[in-house]
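Taking it in order: structure first as structure tokens, then the write-up.
The values are calculated or read from the model by the stated rules, or taken from the named source; none is laboratory data. Only a predicted model underlies this, so the values are computations on that prediction, with no experimental measurement involved. Please note: Cβ atoms are built from the backbone with ideal geometry, for glycine as well, and neighbour counts cover all protein chains shown. Heads up: the accessible areas ignore ligands, DNA and RNA and are worked out on the full protein's heavy atoms, side chains in. Shrake-Rupley method; radii C 1.70, N 1.55, O 1.52, S 1.80 Å.
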Amino acid sequence: MTLYDTVNDADARTLLAGLEVSFAGVGKRFGGDDGTLALTGIDLDIREGEFVAVVGPSGCGKSTLLRLAAGLERVSAGAVAVRTNSIGFIFQEATLLPWRKVRRNVELSAELAGVPRAVRRARVERAIEAVGLADFANALPRKLSGGMRMRVSLARALALEPRLMLLDEPFGALDEMTRLTMQEELLRLYRDNAFTALFITHSVAEAVFLASRVVVMSARPGRVHEVIDVDLPYPRDRELRFDPAFTELVARVSHSLKEAS
């Protein structure tokens with residue numbers, strides 16, 4: 001259990017009853033009392049094994065919400081409680097070390113986390129296989145496409161065997177076809193590894209395709225405007241985008257986003 005505020009462990013256990021992550025009355029201000037208020041009054045619970053996507057206008061604090069869950073930022077008000085210390089974080093860019101080959105890049109997070117060498121090496125091989133890069137394990141990042149570099153980033157997070165996966169617009173820089181492929185790949189990894197996911201995106205269609213719930217945030221200071229259930233069965237493939245139910249949900253989220261902006 002991880003707690004990112006001043007409440008005690010007993011309060012945290014109450015917050016986390018049946019949950020993986022809980023935001024309770026969370027606010028975040030940058031730059032002191034007169035600084036920018038990024039988030040205010042955030043109440044959001046994420047259940048174990050859930051895939052939650054967050055959409056909202058630029059500057060509404062989506063990435064800040066993710067960084068609070070990871071413990072990379074501290075709240076200015078309220079409480080953030082996270083059940084697990086086993087967290088994988090995937091950034092907007094693949095952030096690979098150019099001098100390390102794929103296998104050594106994938107190993108990095110587990111290495112920094114102090115995972116014993118033999119254990120992390122076995123995890124790395126499984127992760128590389130899981131993202132379909134076994135034939136490129138000895139390649140340098142400059143030899144990889146954008147989609148392949150993002151697969152390395154996914155594998156690096158998987159090597160930690162996280163219970164909670166935090167993803168900050170990981171597919172935003174990819175071309176459309178690669179992005180669709182990576183969305184399907186992420187859902188396969190989600191199914192196979194049974195982690196809880198909190199996913200930030202600017203794409204409404206991407207949010208609906210991936211998530212079991214979509215959180216729509218208001219313009220800054222960010223608030224939860226609406227939470228929309230995505231009642232579409234898993235597993236999902238790209239043909240789902242032609243289903244009227246999918247189209248209706250995209251329209252509903254888009255309308256909510258317009259109201260919130």
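Report the residue count in the stretch 203-249 for those that are among the β-branched types (Val, Ile, Thr), closer than 19 Å to SER22 by Cα and free of Cβ contacts under 8 Å to residues at least 40 places away in the same chain.
So the answer is 1.
Would you point out which residue out of GLU93, GLU50 is in contact (Cβ under 8 Å) with a residue 60 or more places away in the chain and either open to solvent by 80 Å² or more (accessible area, probe 1.4 Å) or touching a helix residue (DSSP H, G or I) at 6+ places or on another chain (Cβ under 7 Å) (or both)?
On inspection, the qualifying residue turns out to be GLU93.
Is it the case that the stretch 7-20 has a residue that's at pLDDT 90 or above and closer than 30 Å to ASP231 by Cβ?
Within the stretch 7-20, one or more residues are at pLDDT 90 or above and closer than 30 Å to ASP231 by Cβ.
What do you reckon, is ARG117 buried (at least 18 other Cβ atoms within 10 Å of the Cβ), out of contact with any His (no Cβ under 9 Å at 6 or more places or on another chain) and not polar (S, T, N, Q)?
No; evaluated as a whole, the condition is false for this residue.
In the stretch 173-195, which residues are touching a Lys or Arg at 6+ places or on another chain (Cβ under 8 Å) and over 17 Å from PRO233 (Cα atoms)?
LEU180, MET182, PHE195
So ASP192 clears everything in (1) more than 22 Å from ASP231 (Cβ to Cβ); (2) open to solvent by less than 60 Å² (accessible area, probe 1.4 Å); (3) in contact (Cβ under 8 Å) with a residue 24 or more places away in the chain except one condition, right? Which one?
Checking ASP192 against (1) more than 22 Å from ASP231 (Cβ to Cβ); (2) open to solvent by less than 60 Å² (accessible area, probe 1.4 Å); (3) in contact (Cβ under 8 Å) with a residue 24 or more places away in the chain, the one that fails is (2).
Any idea how many residues of the stretch 150-187 are farther than 20 Å from SER63 by Cα, touching a residue at least 12 places away in the same chain (Cβ under 8 Å) and either among the β-branched types (Val, Ile, Thr) or surrounded by fewer than 20 Cβ atoms within 10 Å (Cβ to Cβ) (or both)?
The number of residues fulfilling the criteria is 9.
If you take the residues of the stretch 78-115 that are of a type in the set (Phe, Trp, Tyr) and closer than 18 Å to THR64 by Cβ, which of them is modelled with the lowest pLDDT?
First, the residues of the stretch 78-115 that are of a type in the set (Phe, Trp, Tyr): 89, 91, 99.
Narrowing further to those that are closer than 18 Å to THR64 by Cβ: 89, 91.
Numbers: PHE89: 93, PHE91: 87.
Applying the filter and picking the extreme gives PHE91.
State whether one or more residues within the stretch 245-257 are open to solvent by 30 Å² or more (accessible area, probe 1.4 Å) and under 25 Å from LYS28 (Cα atoms).
The answer is yes; a qualifying residue exists.
How many residues does the stretch 111-142 hold that are part of a loop (DSSP other than H, G, I, E, B) and either under 18 Å from the mean Cα position of the chain (by Cα) or at negative phi (or both)?
9
All but one of (1) assigned to a helix (DSSP H, G or I); (2) open to solvent by less than 50 Å² (accessible area, probe 1.4 Å); (3) of a type in the set (Lys, Arg) hold for ARG100; state the number of the condition that does not hold.
(1)
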